[in-house]
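Enquirer: Please read through the structure below; I'll follow up with questions.
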Amino acid sequence: MLGALGTGAVSYLTPLAAYAKTPSVIPYGAAVRTDPLYDDPAYKKAILDHCQIIVGEGGLKWIDLRPDRYSFDFTQADRQLAFAQEHGLEMRGHTLAWYAAMPDWTETIASPEEARLELVTHIQTVVGRYKGRISSWDVCNEPIAELPTRDAPIRDSIWLRQLGRDYIELALRTTAEIDPGARLVINDYNFEQANDTGRAKRKAFLDLVRELKAKDVPLHAVGLQGHINARIPIDRPGLTAFVAELDAMGLGVLVTELDVIDDALPAPEAERDAAVADFAKQYLEAIGEACKPEAILTWGISDRFTWVPIWFTRSDGLPNRPLPLDADYQPKPMMQVIKDFARSFDQ
Ligand code: XIL
């Protein structure tokens, strides 16, 4: 099954050992922070006990890789990949073209020619370095506008401003040229929301993907981030129909950044953990009704390290609990939901 994340490279054989350890037919992974992988034995153990895949929470973002226009800093990404290879895990790459986490110098990119040169050089250098070792790339992250409209479906970024929506095609074609064995993914969020945002996001995303397929642009799968906002109900039929359309286009589907934003959920831990698990269950089941996802990754593994409080701190001051393990690395009901879901395809 892990071969579904990429093709052809020897390294894909290794994770099967890890896969055999965890009897799940859908590989599970998590976004990782670099330092605790090496400095925090309990964190390392949690990753090794549960994951077949890792992805850097940072490290391959422009802000981490590109201190200035002329150099690349691969320190974090190299350490993550070394960890993955040492332990027989796959590593996904996140991300090559995104509006956010851009170093300030990119604001000086002032013409289409310059933008094209910067984007292509970046992809050539980064994808070239990790060719055959990073099996799957979030080539474009969050390309759809926050509230997409007919006139402005694509999110503002330096790339959109200078190159128009063709930057997406350029990024995909360049990545495919440099590493033809890599699985190329477009990754985005809020598809599950039962509101205007959810509907508009799904439509704009399908329009984009249809256009890319019609132009024969290399694109193998889509990433549904799954930052589920517990304030907003999940549109199960809407999500299932959306995934079914993607599946019918021949695209793989990955859940790439699952967590449940719990700032508005009740304080008591057991109640909150049950609600978080239920949101994850609803979400995965709605996807599973349309296809079998290629992989499920959560955005972090333990509540000890989560991005959620950056934007969604609780007004009662309690720590967020969005992930499958608690802050002491003990499994919460959400982990069981993921495992049960993965096993439900095992027949
Ligand atoms: C977040 C990281 O988790 C944070 O540590 C960082 O400060 C900001 O970015 N969607 C994405 C991820 O695609 O890259 C974001 O990661 C979370 C939302």
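Enquirer: Just by accessible area at a 1.4 angstrom probe, what is the order of M102, M335 from largest to smallest? Don't skip to the answer; put the middle values down first.
Expert: Working: M102 30, M335 5 Å².
So, going from the largest accessible area down, we get M102, M335.
Enquirer: Over the heavy atoms of H220, what accessible area does a 1.4 Å probe trace out, to the nearest 10 Å²?
Expert: 60 Å²
Enquirer: Let me ask something additional. If ligands, DNA and RNA are left out, what is the accessible area of K281 with a 1.4 Å probe, given in Å² to the nearest 10?
Expert: Around 90 Å² of this residue is reachable by solvent.
Enquirer: For the stretch 244-338, just run the numbers: alpha carbon Rg, then divide by 2.2 N^0.38 Å, N being how many residues it has.
Expert: Numbers: Rg = 14.3 Å, N = 95, 2.2 N^0.38 = 12.4 Å.
Taking the Cα Rg and dividing by 2.2 N^0.38 Å, one obtains 1.15.
Enquirer: Still on this model: For the chain, report the translational diffusion coefficient in µm²/s to the nearest whole number, using Stokes-Einstein at 20 °C, 1.002 mPa s, and a Kirkwood Rh over Cα pairs.
Expert: On the way: Rh = 20.3 Å.
Answer from the Stokes-Einstein relation: 106 µm²/s.
Enquirer: Calculate, in nm to one decimal, what A241 and K213 gain on full extension: separation in residues at 0.36 nm each, minus their alpha carbon distance. Before the final figure, lay out the partial values.
Expert: Values: separation 28, 0.36 × 28 = 10.08 nm, distance 1.87 nm.
Here the answer is 8.2 nm.
Enquirer: A further question follows. Evaluate the Kirkwood expression for the hydrodynamic radius of the stretch 31-183, namely the inverse of the mean inverse distance over all pairs of different C-alpha atoms, and round to one decimal in Å. Numbers along the way, then the final one.
Expert: Numbers: mean 1/r = 0.0613 Å⁻¹.
Evaluated on the stretch 31-183, it is 16.3 Å.
Enquirer: Additional query: If you put +1 on each Lys and Arg Cβ and -1 on each Asp and Glu Cβ, how big is the dipole of the stretch 26-343 around its Cα centre, in Debye rounded to 20?
Expert: About 600 debye.
Enquirer: Counting only protein heavy atoms and a 1.4 Å probe, tell me what percentage of the stretch 180-334's accessible area is made up of carbon and sulfur.
Expert: Working: 3010 of 5590 Å².
Carbon and sulfur together cover 54 percent of it.
Enquirer: Suppose we keep just the DSSP beta bridges with both residues in the chain; what percent of those would be antiparallel, to 5?
Expert: Values: 4 of 38 bridges.
Once the DSSP bridges in the chain are tallied, antiparallel ones form about 10 percent.
Enquirer: Peptides 308-315, 260-267, 112-119, 67-74: what's the order by average Cβ count within 10 Å, highest mean first?
Expert: Values: 308-315: 13.4, 260-267: 18.8, 112-119: 16.1, 67-74: 11.9.
Result, highest mean Cβ count within 10 Å first: 260-267, 112-119, 308-315, 67-74.
Enquirer: May I pose another question? Solvent-accessible area per residue for the stretch 292-347 at a 1.4 Å probe radius, Å²? Numbers along the way, then the final one.
Expert: Details: 2620 Å² over 56 residues.
Ligands and nucleic acids excluded, the result is 47 Å² per residue.
The values are calculated or read from the model by the stated rules, or taken from the named source; none is laboratory data. A quick note: this is a predicted structure, and the numbers were derived from the prediction, not measured. Note that each Cβ is placed from the backbone with ideal geometry, even for glycine, and that neighbours are counted across all protein chains shown. To get the accessible areas, we keep the full protein, side chains included, count just its heavy atoms, and leave off ligands, DNA and RNA. Shrake-Rupley method; radii C 1.70, N 1.55, O 1.52, S 1.80 Å.
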